[in-house]
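A.B. asks: Got a structure here, written out as C-alpha cells. Questions coming.
The values are calculated or read from the model by the stated rules, or taken from the named source; none is laboratory data. Not measured: the values here are computed from a predicted model. Cβ placement follows ideal geometry from the backbone for every residue including glycine, while neighbour counts extend to all protein chains displayed. The accessibility values were calculated without ligands, DNA or RNA, using every heavy atom of the protein model including side chains. Shrake-Rupley method; radii C 1.70, N 1.55, O 1.52, S 1.80 Å.
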Amino acid sequence: MNIDFHYGVIYLVSRLAGLEKSDARIVAHCCQYVDDATVSGTLEFAGGESYERFASAHKMFDYMNISNTSDKRIWAPFHFLPAGEGSTLEDKSICKPDSAIARDMVAHAIDNRGAENALHRLGVTLHVYVDTWAHQNFTGTISDHNVVTSLTSEDYSHEAWLEKLKHMASDAVHAAQSDFLDHVVKLGHGAALHFPDQPWAKWQYQNGHGLTFQRDNLPIFMEAADMAYRAIKGFRCGNTAYAQEEGLSEETKAALALLLASNRDDDPIKRLDVLCAALAEGQVPGFAETVTPYIGKGPGSWKDQATGIVDEDGDGDKKPVWSEAFEQSDYRKFHDAIKEHRFVVTQVILPKHGVRLA
C-alpha cells in the first residue's frame, strides 16, 4: 500500500475508532514512516552519546534487490509478513491476509499498550498488518512466488506491462534479454510494479510456479481498513481479540470505498491530497476535519525536530547535541518501536509458528 492508505486511511480509521487527533497523527505517521525510515546505523552526538537505528525500508523501491540478508531483516518483518502456512520455508514465507501470525503481531502490540511508545508501535504494526492484504501471495524472501511471468489489467496488456518493467529496471540491470525477469526479480512484488498498492486496480498475473492469481484490490483494501479499525478499537480497550470488535458502519464503508475507487492518479502523493481534501469536506459520514500534512524527511520532519538534521539521505557532517528532548521525541520512540517490532516478529512470533528467518 502507499501513503494514501498508510497515512490517509489509517488516520481516518484511527479517529473513527476514538483516538484523539494527536494520537491518530502519531499512529498514521508511524504507519507511513515505515516506508520512509531508510537510514540505518548509529547516530553520533557531539558529546559522545550514541543511538542505534535500524532502517525499515530501502532508500528506493529496488526492483532488483536480491540481498538474502536484507530480505530477511527488512522485507519479511516489515512489508511481507510470512503467514507460516505450508511445509517448506518458501511456502511458509508467503504473505497472507490476516494470518494467524498477523493477528499474534497485532495482539502483542495491544498487550503493550502501556508502553511510552505504544502508539508508535501500533502504527508500525498497522503498516505490516494492512500490507498483508496488499502483498498477499508474495514473499519477503527470494522466491519464485515473486516472479511474475505475465500480468494484465483493465488498462495494461501483457506487452505494456513488460515494457514498463524493463524501463523501470533499465537503470539497475544492464540486460536486454526478455527472460531476465524470471531469474532476477524474485523479491517482493517488484515485478508486479504498482498494481498491488493501487486501491482501484483489477488485475491478474501468473507467478514463477505457474500459479494464476486474480486480484480486485478494492474489496481487499476495504477489508484491511475495517480490520485496522477493529485493531485500533481493541488497542484502546485492551482487547487482544480485536477481531470481535464491531467494524466500520456500512455507510462509512460505502463512502470510503467510493473515494478509493475514484481516486486513480498514479502518483500516491496526489492521491493522498485528494483523499485528505475529501475528508476535510466531510465526504465520509461522521468525519470532517483537516488532516495534518505528512512530512517524512527534511525540514519539519520528526528527525529534524529531534536532532536538527535535515539531510534526507543521512546524518550530514555536523553532530547534533543530545538532549532530553531527543529522548522524548517521536523520532526516538519510532525507532525504538522499529527495533522492538523486528525483535518480536523475527525472534518470538515467527519461530512460534515454525518460521525462522533471522
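A.B. asks: Looking at the stretch 134-151, I want the residues that are under 18 Å from F78 (Cα atoms) and aliphatic (A, V, I, L, M) and have a partner that is in a loop (DSSP other than H, G, I, E, B) and open to solvent by less than 30 Å² (accessible area, probe 1.4 Å) with Cβ atoms under 8 Å, at least 6 apart or on another chain. Which pairs are those?
C.D. replies: These pairs meet every condition: A134/M1; I142/L187.
A.B. asks: A follow-up question, please. Limited to the stretch 253-265, what total is found for residues that are open to solvent by 30 Å² or more (accessible area, probe 1.4 Å) and either on the phi > 0 side of the Ramachandran plot or free of Cβ contacts under 8 Å to residues at least 60 places away in the same chain (or both)?
C.D. replies: Applying the first criterion (open to solvent by 30 Å² or more (accessible area, probe 1.4 Å)) to the stretch 253-265 yields 253-254, 258, 262, 264-265.
If we keep only those that are either on the phi > 0 side of the Ramachandran plot or free of Cβ contacts under 8 Å to residues at least 60 places away in the same chain (or both) too, we end up with 253-254, 258, 265.
Qualifying residue count for the region: 4.
A.B. asks: Just give me the residues in the stretch 77-114 being within 13 Å of G238 (Cβ to Cβ) and assigned to a loop (DSSP other than H, G, I, E, B), in sequence order.
C.D. replies: N112, R113, G114
A.B. asks: Do we find that F343 is closer than 23 Å to H120 by Cβ, crowded, with 17+ Cβ neighbours inside 10 Å and among the hydrophobic types (A, V, I, L, M, F, W, C) in this structure? Spell out how you get there, then give the answer.
C.D. replies: Details: closer than 23 Å to H120 by Cβ: yes; crowded, with 17+ Cβ neighbours inside 10 Å: no; among the hydrophobic types (A, V, I, L, M, F, W, C): yes.
When the stated conditions are applied, F343 does not pass them.
A.B. asks: Among the numbered conditions (1) open to solvent by less than 10 Å² (accessible area, probe 1.4 Å); (2) touching a Ser or Thr at 6+ places or on another chain (Cβ under 7 Å); (3) within 16 Å of L350 (Cβ to Cβ), tell me where K96 comes up short.
C.D. replies: K96 satisfies all of (1) open to solvent by less than 10 Å² (accessible area, probe 1.4 Å); (2) touching a Ser or Thr at 6+ places or on another chain (Cβ under 7 Å); (3) within 16 Å of L350 (Cβ to Cβ) except (1).
A.B. asks: Give the stretch 312-327 a look and list any residue that's touching a residue at least 12 places away in the same chain (Cβ under 8 Å) and open to solvent by less than 70 Å² (accessible area, probe 1.4 Å), or say none.
C.D. replies: Matches in the stretch 312-327: G314, D315, P320, A325, F326.
A.B. asks: Here's another thing I want to ask about it. Tell me, yes or no, whether the stretch 53-61 has at least one residue that is open to solvent by 50 Å² or more (accessible area, probe 1.4 Å) and either modelled with pLDDT of 95 or more or more than 19 Å from K297 (Cβ to Cβ) (or both). Full working, then the answer.
C.D. replies: Looking only at the stretch 53-61, we keep the residues that are open to solvent by 50 Å² or more (accessible area, probe 1.4 Å), and these are 59-61.
When the remaining residues are screened for being either modelled with pLDDT of 95 or more or more than 19 Å from K297 (Cβ to Cβ) (or both), the result is none.
No, the stretch 53-61 has no match at all.
Every residue, every condition in (1) under 30 Å from H108 (Cα atoms); (2) open to solvent by 20 Å² or more (accessible area, probe 1.4 Å); (3) at pLDDT 95 or above, yes or no:
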position: N239; (1), (2), (3): yes, yes, yes
position: G247; (1), (2), (3): yes, no, yes
position: E250; (1), (2), (3): yes, yes, yes
position: D267; (1), (2), (3): no, yes, yes
position: L272; (1), (2), (3): yes, no, yes
position: L279; (1), (2), (3): no, no, yes
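A.B. asks: Starting from residues that are crowded, with 17+ Cβ neighbours inside 10 Å and over 18 Å from L126 (Cβ atoms), keep the ones in the stretch 194-216 and report whichever is modelled with the lowest pLDDT. Explain how you work it out, then say what you get.
C.D. replies: Filtering the stretch 194-216 down to residues crowded, with 17+ Cβ neighbours inside 10 Å leaves 195-199, 201, 203, 205, 207-208, 215.
Filter again for over 18 Å from L126 (Cβ atoms), leaving 195, 198, 201, 203, 205, 207-208, 215.
Numbers: F195: 92, Q198: 95, A201: 95, W203: 95, Y205: 93, N207: 91, G208: 88, R215: 96.
By that ranking, first place goes to G208.
A.B. asks: State all residues of the stretch 217-231 that are open to solvent by 10 Å² or more (accessible area, probe 1.4 Å) and either of a type in the set (F, W, Y) or modelled with pLDDT under 95 (or both); if no residue qualifies, say none.
C.D. replies: Filtering the stretch 217-231 down to residues open to solvent by 10 Å² or more (accessible area, probe 1.4 Å) leaves 218-220, 222-223, 226-227, 229-230.
Of everything in the stretch 217-231, just one residue is open to solvent by 10 Å² or more (accessible area, probe 1.4 Å) and either of a type in the set (F, W, Y) or modelled with pLDDT under 95 (or both), namely Y229.
A.B. asks: Go through the stretch 286-310 and give me each residue that's among the charged types (D, E, K, R) and either touching a residue at least 12 places away in the same chain (Cβ under 8 Å) or crowded, with 19+ Cβ neighbours inside 10 Å (or both). Full working, then the answer.
C.D. replies: First, the residues of the stretch 286-310 that are among the charged types (D, E, K, R): 289, 297, 303-304.
Once the filter is applied, which keeps residues that are among the charged types (D, E, K, R) and either touching a residue at least 12 places away in the same chain (Cβ under 8 Å) or crowded, with 19+ Cβ neighbours inside 10 Å (or both), the stretch 286-310 yields E289, K297, K303.
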